[in-house]
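Each reported figure results from applying straightforward, stated rules to the coordinates on display, with no laboratory input. Small disclaimer: the values here were computed from a predicted structure and weren't measured. All Cβ positions, glycine included, derive from the backbone under ideal geometry; neighbour counts span all protein chains shown.
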Amino acid sequence: MSDTPIRAPFRSGAIIDPSLPAPDFPAQEQAFPGLARKMDPRPDHGETSYRGTGRLAGKRALITGGDSGIGAAAAIAFAREGADVAITYLPDEQPDADSIVALIEAEGRKAVSIPGDLRDEGFCKEMVASVASQLGGLDILVNNAGRQQFCERLEDLSTEDFDATMKTNIYAPFWVTRAALPHMGPGGSIIITSSVQAFSGSAHLFDYAQSKAANVAFAQSLAKQLAPRAIRVNAVCPGPYWTALQISGGQPTDKAQEHGASQPLGRPGQPVEIAPIYVLLASDEASYITGEYFGSVGGGGL
Ligand code: NAD
Ligand code: MG
């Protein structure tokens, strides 16, 4: 047997490449929402590896939480597939957002970046209007921004925390999608980032898990409603991915150090490894795929 690791065609690493980051990770904590650039190791969003083949040529995409993690990987991939891309993020995340904007523009694509808090209905509305006007319409909407703050005991979960999770993970996709629909036509694609937590909620993620279950229902219900308008709606359900969400209150520090260890692949996914699902669902090639959910969990399944 050769010692050469098997390599995926679009990136330098591969699932059995021993050089891919695996637990035990260095102990690290950041204040929410955290910055990908300060993580050790830094997540791989596909900056140097994702190769596009024109699958989204001429399309216009909005990705919430596109500054880092899974959203950033989708943003880079979409731009390299030929799309103009708008990203939203929280003001504290400007440095991460700037890097992604530079990568989109390096592809010769238009980049729009809008900081703001998606828990504010007014912001959602104005942000979508601004994106649609700057991009000249909208073909792809990725509801990806999310809040995950662990809490071990229900008695310690405040109403404010519960509300913040629901506002970010359930209300914001509703507000953003409602504002986006008037700008979307036949061939449009809406994607929501759910989670494996929708199907097997962890003890310490009570509020988050049920919000992610709602995200699956979002796709299943809205897909039926929008089928006559030829707009598709799907959910992506990641398992453990190496992102700022996990080290900024998403997990206790010792659990974050072990992120992905319990999966058969023995490591968390890097954001670039889930980008192809978003590209497929966004593209016209997925014309018969709607109302579905797709996992990428590292072997454990949904
Ligand atoms: P991430 O921290 O890199 O991205 C989440 C983004 O959400 C942040 O960058 C931030 O811009 C945005 N956000 C959060 N609260 C916001 C608010 N109030 N207003 C505006 N923006 C806000 O982490 P990620 O893991 O890439 O998360 C992306 C999505 O993936 C989330 O929906 C998350 O629930 C989901 N997910 C992640 C994992 C994982 O293991 N990392 C697993 C399953 C699902
Ligand atoms: Mg971020």
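Amide H contacts under 5 Å for VAL142: LEU62, ILE63, THR64, ILE191, restricted to partners 5 or more places along the chain or on a different chain, H placed in the peptide plane at 1.01 Å from N.
In the structure shown, do any of LYS167/LYS255; LYS38/LYS212; LYS167/LYS224; LYS59/LYS255 have a Cα-Cα gap over 31 Å, and if so which? Pairs exceeding 31 Å: LYS59/LYS255.
Where only DSSP H runs of four or more residues are counted, the chain gives -9000 deg cm²/dmol as its mean residue ellipticity at 222 nm, each run worth -39500 (n - 2.57).
By the combined test of axial Cα extent (at least 27 Å) and Kyte-Doolittle hydropathy (mean at least -0.5), the qualifying DSSP H helices of the chain come to 206-226. For the range 220-251 and the range 42-112, what is the separation of their Cα centres, given in Å? Using only Cα atoms to place each centre, the spacing works out to 17 Å. Note on THR253 and ASP163: with the Förster distance fixed at 30 Å, the Cβ-Cβ geometry gives a FRET efficiency of about 0.75. Within the range 204-302, none of the trypsin sites (Lys or Arg not before Pro) combine a DSSP coil assignment with at most 10 other C-beta atoms in a 10 angstrom radius.
In a DSSP loop and with at most 13 other Cβ atoms within 10 Å, the trypsin sites (Lys or Arg not before Pro) in the range 30-122 are ARG51.
As a proxy for reagent exposure, MET166, MET184 were ordered by neighbouring Cβ count within 10 angstrom, fewest first; the result is MET166, MET184.
Length gained on full extension, ARG42 to ASP156: 37.8 nm, using 0.36 nm per residue less the C-alpha separation.
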